[in-house]
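The structure appears right after this line, and notes come after that.
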Amino acid sequence: MQSNNQVLAAEADCLPTSSRIKYFDMVLDHGQGAILVDVEGHEYIDLLASASSANTGHAHPKVVQAIQQQAAKLIHFTPAYYANEVTASLLNRLAALAPGDFPKKVAFGTSGSDANDAMIKYSRAYTGRHYIISFTGAYHGSTYGAISLSGVSLNMARKIGPLLPDIIKMPFPDPHLKLAGESEAAFVDRMWQMFMLPFENWLPVEEVAGILIEPIQGDGGLVATPHAYMDKLYQFTRAHNIVFAVDEINQGFGRSGKMWSIDHYQIAPDLMSIGKSLASGMPISALIGRKEILDSLDAPAHLFTTSGNPVCAAAAHATLDVIEAEHLVERSAKLGQMASTFFTRMQQKFSFVGAVRMFGLNGGIDIVDQDGQADVDATTEIIYHLFKAGVIMISLRGNILRFQPPLVISETQLETAFQRIEAVFEAKAKNQL
Ligand code: PLP
């Protein structure tokens, strides 16, 4: 077997710079539950869950079995011409799982990005309007449509323009934008005034087709939309017949302590995009929404040869079975409390631990300097030393530690991860990193 370095050197010749955000000099061999093992046999506790696509953990036996059985039966036949039973039954299951007591339909794709492209297509087709609104700080993927919707990284939009026209990014009501001493109500009012400004100047509201929001922004730093702001936004869409869409690709399937992050707001969206943990990381995504919206396009306007792949659909059924049988949504909420207690204690103990935001097993921990400003170098250092100590974490926005383990992580594994994090924090406090 090759070493980590040998594999990385071979890969470096052919992998384009666009394809990897380099963090770790590590080559994965296998995973089990919340543990990852590299080709040299080193074990790591996974606090990234494959970017939230491994909520059921790595190689869950029920998911593996479903994949093997379906692969032996039918790997694929293009959905353009024939149905298959496992994919058809998944359609019904997902329609029933999505919030909203109204008839729904489901359009499959193969990535979160294409599910968000579908949001643009269906919103425009259904309303006959062209503007789409999304938010700064949002990550919606890397197809042209999804990059056009995203507002989180300059590198995404560089060198590839022009992006899709008529996608307007409004300022997200991120708590980091709150002024010193500003109340929550005053903050929401100020952010809402900023939202309304374009409509008073140049943006005709009757030409807005849809609004897409991540109720809790993931890559944007684990920042939640204030409830009062979400209410205003939703009411605005009702008043102006605008499609209200949510991106649950990162936060769905229990990540936030509820099945969907929009459940925290008790709103049933017109459209909802899902992917990632839908099939424990197998490449399948979907846009779920009101029947009349999903019936507004003709084939093949949103159709891929491999969409609704039966092996992925079987993995999705097994994933949903595991989420139900192992009460992973409740588990996320419960273990999230443990994590919240731990990181709040870290905040009290170490001055470089700033704000802590935790929603289920899903958190953002700001790392700051003496002046309370973002400390990117310290964050990078912490992540590197966590990796050396056998804990996989990444940063968001340069200085936010992202905490999102598989929801099946055991309490013991979580405690071990916390001990290792505290040890690295101690070393940082003593300038010993
Ligand atoms: N939307 C959100 C909220 C995401 O976090 C991501 C991926 O990180 C996407 C969309 C894009 O999904 P994919 O990478 O499967 O295209």
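The values are calculated or read from the model by the stated rules, or taken from the named source; none is laboratory data. Remember, it's a predicted structure, so these values are computed and weren't measured experimentally. Ideal geometry is used to build each Cβ from the backbone, glycine not excepted, and the neighbour counts take in all protein chains shown.
Among the listed residues ALA209, ALA245, which satisfies the condition of being in a strand (DSSP E or B) and within 16 Å of the ligand (Cβ to nearest atom)?
ALA245
Could you please give the count of residues in the stretch 403-427 that are touching a Gly at 6+ places or on another chain (Cβ under 8 Å), crowded, with 23+ Cβ neighbours inside 10 Å and either basic (Lys, Arg) or assigned to a helix (DSSP H, G or I) (or both)?
Adding up the residues that qualify gives 0.
Could you check the stretch 68-92 and list, in sequence order, the residues that are assigned to a helix (DSSP H, G or I) and crowded, with 16+ Cβ neighbours inside 10 Å?
GLN70, VAL86, THR87, LEU90, LEU91
If you take the residues in the stretch 32-67 that are part of a helix (DSSP H, G or I) and among the hydroxyl-bearing types (Ser, Thr, Tyr), which one is nearest to VAL322 (Cα to Cα)?
SER52
When the residues of the stretch 260-271 are filtered to those that are in contact with a Phe, Trp or Tyr (Cβ under 7 Å, 6 or more places away or on another chain) and within 16 Å of the ligand (Cβ to nearest atom), which remaining residue is farthest from GLY308 (Cα to Cα)?
Of the residues in the stretch 260-271, the ones in contact with a Phe, Trp or Tyr (Cβ under 7 Å, 6 or more places away or on another chain) are 267, 269-271.
Narrowing the set further to residues that are within 16 Å of the ligand (Cβ to nearest atom) leaves 269, 271.
Numbers: PRO269: 22, LEU271: 18 Å.
Out of the qualifying residues, it is PRO269.
If we keep just the residues of the stretch 128-148 that are of a type in the set (Val, Ile, Thr) and in a loop (DSSP other than H, G, I, E, B), which is farthest from the ligand (Cβ to nearest atom)? Step through it out loud before you land on a result.
Of the residues in the stretch 128-148, the ones of a type in the set (Val, Ile, Thr) are 132-133, 136, 143, 147.
Restricting the remaining residues to those that are in a loop (DSSP other than H, G, I, E, B) gives 136, 143.
Numbers: THR136: 14, THR143: 7 Å.
The residue in question is THR136.
Just to be sure I understand, how many residues within the stretch 352-392 are in a loop (DSSP other than H, G, I, E, B) and within 15 Å of the chain's Cα centre (by Cα)?
4
Being away from the ligand (no atom under 16 Å from the Cβ) and in a helix (DSSP H, G or I) is true for just one of ALA96, ALA115. Which residue is that? Lay out the reasoning, then the answer.
Details: ALA115 fails: away from the ligand (no atom under 16 Å from the Cβ).
From the options ALA96, ALA115, the qualifying one is ALA96.
Out of the residues in the stretch 377-433 that are hydroxyl-bearing (Ser, Thr, Tyr) and in contact with a strand residue (DSSP E or B) (Cβ under 9 Å, 6 or more places away or on another chain), which is nearest to GLY360 (Cα to Cα)?
Among residues in the stretch 377-433 that are hydroxyl-bearing (Ser, Thr, Tyr) and in contact with a strand residue (DSSP E or B) (Cβ under 9 Å, 6 or more places away or on another chain), the one nearest to GLY360 (Cα to Cα) is SER410.
I'd like the full set of residues that are within 17 Å of ASN5 (Cβ to Cβ), within 16 Å of the ligand (Cβ to nearest atom) and surrounded by fewer than 13 Cβ atoms within 10 Å (Cβ to Cβ), limited to the stretch 15-53.
ARG20, the sole residue that qualifies.
Going by what's in this entry, would VAL223 be described as surrounded by 16 or more Cβ atoms within 10 Å (Cβ to Cβ), more than 29 Å from SER395 (Cα to Cα), β-branched (Val, Ile, Thr) and more than 12 Å from the ligand (Cβ to nearest atom)?
Answer is no for this residue.
Residues ALA333, ALA313: which one is modelled with pLDDT of 95 or more, surrounded by fewer than 22 Cβ atoms within 10 Å (Cβ to Cβ) and part of a helix (DSSP H, G or I)?
Answer to the check: ALA333.
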